[in-house]
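Written below as structure tokens is the structure these notes are about.
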Amino acid sequence: MQTYKLSFFQRYGIIMALVIGTILGLYGPNWTHIVAENISTVFMRLLKFVSLPIISLSLMSTISGLDKSQRVWKLSLRILTYTILTTFISASLALFLFEIIKPVGEISSLPSAVHHAMCAHSYCAEAIKVVPDNFLKPFIDYNVISVFIISILIGLAILALPDQHRKPMSQTLHRCFLVIMQITKWIVQVLPVAVTAFVTLFIKEMGNGLVMGSLTKYLGVVTSANIIHAFVLLPLILLVHKIPVFKTLQGMFPVLSLAFFSKSSAASMPSAVETAESKLGVDPTVSRFCFPMCTTINMNACAAFILTTVLFVAQSNGIPFTLFNKILWIFIATIAAIGNAGVPMGCFFLTNALLSAFNVPIELMGIILPFYGLLDMLESAVNIWSDSCVTVIVDKWWKRITRQG
């Protein structure tokens, strides 16, 4: 088997970027700040360029490639139920911690430009605009929820076609998805250059905008939400279904370690299937369907990241949220996380898209980006642990209905 070796630039690039960016931010001449601003703008535009195509193509290719048998639909409904439940709980926990820790202090007066943008993109207006009246307009306007609806409808429509028509279309969508992912890989390869620019601007403007304490609190919210969800709430759900928590965690621990260090729940999926069958006795019918589906839609940690990041970035830009707005974002983050479909850096891209939909300045996302690699490690492990919990719960239900005939 061929092994892929990371280059020196890819392995140590982020560390070098943090150091160089800090030096340039503290001691660099004015022209370095201008160059950094242009680089950060270009990189954010590139991220915005690939965000919606990744989300749309991943949804369409995944849905259109599903099996259409009755048994699969029963399993799918059960898996979807627990997926929505655990993702909603994760988003709710993130909001609870955000309100307690309060990463952003007193919100300054709303800038006039942002105020007009928020008026133009009020929640009621966005709710009405969710129903698309034009195929291309949601992509042009960056209306993420409308893109979700269009993508799901197309995916379901293709799924309803006879196999001789469905399979070629599904394969074509998957190939288009691979093309966009290749472009994304090229963009990610220059990530250290972008991080250098972001850190340079961050150090320069730290006194005028975001303070380091706020960023630390933000990271604390995201991390705490994931840890509490993984080690308190998910075990409680297992206990409610009378499933031994320690045995399940012990059995899946090697897979969780793999997900943590590989930063990829998708890459850990084959090992998760084998481990669940051999160590936990999960029925192969369940494990070989549940894990691939969960890896696609069960993104608990992503929901916590989306909600926390949207509130943090928006409030740091002086945009206030009422209690109703915050509760509404629990539902938006839940739907968005399910639609994320396990794409590499998908949470980051998706959050960018959601912020752009409401015309919220996204420059602060560049400051979060250097830390996202560490968050992604934790999120990948939490997602696989949630997948495992859903799988053993569904397996218990499957064995019961199988015995009943």
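Structure summary
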item: Protection-proxy order for peptides 278-284, 235-241, each taking the mean of Cβ atoms within 10 Å per residue, highest first; result: 278-284, 235-241
item: Restraint check, Lys279/Lys396; Lys247/Lys279; Lys137/Lys326; Lys74/Lys279, Cα-Cα greater than 19 Å; result: Lys137/Lys326; Lys74/Lys279
item: Highest-first arrangement of 352-360, 301-309, where packing means the average Cβ count within 10 Å; result: 301-309, 352-360
item: Among 216-226, 77-87, the order from most to least packed when residues are scored by Cβ within 10 Å on average; result: 216-226, 77-87
item: Net length gained if the chain between Val240 and Met377 were fully extended (0.36 nm per residue, minus Cα distance); result: 46.5 nm
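Where a number appears in this text, it was derived from the coordinates with a stated rule and is not lab data. Just so it is clear, the structure is predicted and the values come from calculations on it, not from any experiment. Every residue, glycine among them, receives a Cβ derived from its backbone with ideal geometry; neighbour counts consider all protein chains shown.
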